[in-house]
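Just below is one structure, and these are the notes that go with it.
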Amino acid sequence: MKQSLHSATLSNGIILVGERLPDLESVAVAFHSPAGSIHDPVGTCGLATVAGEMCLRGAGVRDSRQLVEDLESAGVQWSQGVSSTHASFSGAMVARHLPDVLPIYADILRRPLLPEDELPAARQMVLQNLAGIEDDPAHRAIAALRRIHCPAPWGMPTEGISADVESISIDDVRGFVGHHLQPGGMIVSVAGRIDWDDFVRRVDDLLGDWPAVSSAAVGVGPRGPFIHHVPHDSQQTHIALAWSVPPYRDDASHEATAALAILGGGPSSRFFTEIRERRGLCYSVSAGYQTSRDFANAVCYSGTSAERAQETLDVMLAEIGRLPGTISPDELGRVKARAKSGLTMQQESSAARAGAIARQWYHLGRLRTLAQELERYDRLDVAGVEGWLADQPPRDLTVVSLGRDPLEVRCAIPA
């Protein structure tokens, strides 16, 4: 069956993207507003996250309790989250409930109450999450890596900084929502059993007269040092590494993600086989790909004992340096099989597809069919991945350790 992908742009700049999945009984919708944490003013890191939480504490004629009850009475599996670039409000439901649910989301976006008496509870939820992160050293290591590897404000933690969150006022929240929760640049994605033309009409009726307000471009600041140690009194040490790779919109991103999957993408990867299984140096090790629209990073992680941390780092660096020129067809074949299987199974989830097409549009400005995505993986070959590695070998690595003792970066990576 031919894939049914759609897109439309409202007069105020809101972009609608959709996929009709007639074999499903569900539908998922997501509203992605460019109100992410990169817009947090200095001294209020976490403001976007607090503002996103506050938007669900009453909207339109509904107070906080009524808003949640109305969503759940319609059987909506709802969620809200903030990334570095976007504040997202989403829900999955039985398809027939979508017309009743869209006005609720329109109120959340356009008419949040932002009541002052709800701010302490919203702020406390964010602070509790931050306290949980303090108890998760792996998360802390990755957060420290991102903070020094990425230029400000892209490296700042989306979840916030406790001291900043505690000082956020209701005026801060209202100012942020008024300035950044806007139609310009918003992406609304829907997937499942939909009538596309009806969906466009309904969203246009609800959001089409929302006036767009221009916002200033985000300034880019400096990055941090290349080597950093976070003292942590523990018998464990957490190691995080990063270097720059092509973003998703770059044609070479498939070669980059394939190389990283071979390096540390699962139980058959080199990291897992050499560092965890053969040498028994660590209990966790991985390598992955993280992309923004204009830049992307290779990110590696390992959790190990303090006694074996230095050797673990040495072997990680050696395996990274050994990657160019040694990739086998079998390794690449396994990576391609996993990736293609994931893309195909994604078609069975309306929520997964709504998320995927929103990401495609944000990064590419267009939608790709499943056939096009699979064909890109079919074109991947060892020569292409090796060619990319030869042109862009891992270099200028950022290395973060979190644990009892600092580590030495003793193994140079070829530049």
### Summary
the stretch 1-125, convex hull of Cα, quarter of hull surface, nm² -> 9.1 nm²
### Query
Given a Förster distance of 22 angstrom, what is the FRET efficiency for M345 paired with R368, based on the Cβ-Cβ distance and rounded to 0.05?
0.85
### Summary
Amide H neighbours of G184 at under 5 Å, excluding residues fewer than 5 places away on the same chain, with H built from the backbone geometry, are V213
### Task
Express the Stokes-Einstein translational diffusion coefficient of the stretch 272-335 in µm² s⁻¹, to the nearest whole number, given a Kirkwood radius over alpha-carbon pairs, 10 °C and a viscosity of 1.306 mPa s.
120 µm²/s
### Summary
Inter-part gap, Cα centre of the stretch 358-411 to Cα centre of the stretch 120-144, in whole angstrom, is 28 Å
### Global geometry of the stretch 227-403, whether rounded, prolate or oblate, following the gyration tensor of its Cα atoms and the 1.5 cut on a/c
prolate
### Task
At 20 °C and 1.002 mPa s, grab the translational diffusion coefficient of the stretch 77-151 from Stokes-Einstein with a Kirkwood Rh over Cα pairs, rounded to a whole number in µm² per second.
137 µm²/s
#### Entry: Stretchable slack from E25 to R279, in nm (0.36 nm times residue separation minus alpha-carbon distance)
86.5 nm
### Message
Report the Rg/Rh value for the stretch 4-207, based on alpha-carbon coordinates and the Kirkwood definition of Rh.
### Response
0.99
## Note on the structure
Checking the stretch 129-216 for GluC sites (Glu not before Pro) in a loop per DSSP with at most 11 other beta-carbon atoms within 10 Å yields none
### Query
When the Cα centres of the stretch 238-275 and the stretch 85-113 are compared, how far apart do they sit, in Å?
36 Å
#### Entry: Intensity falloff of the stretch 119-170 expressed as log10 I(q)/I(0), Debye formula with alpha-carbon point scatterers, at q = 0.13, 0.24 Å⁻¹
-0.34, -0.94
### For the chain, alpha-carbon Rg and Dmax in angstrom
22.7, 63
### Spatial separation of Cα centroids for the stretch 294-319 and the stretch 176-219, in angstrom
41 Å
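Read-outs: derived from the displayed coordinates by stated rules, not from any lab. Predicted, not measured: the structure shown is a model, and the values here were computed from it. Every residue, glycine among them, receives a Cβ derived from its backbone with ideal geometry; neighbour counts consider all protein chains shown.
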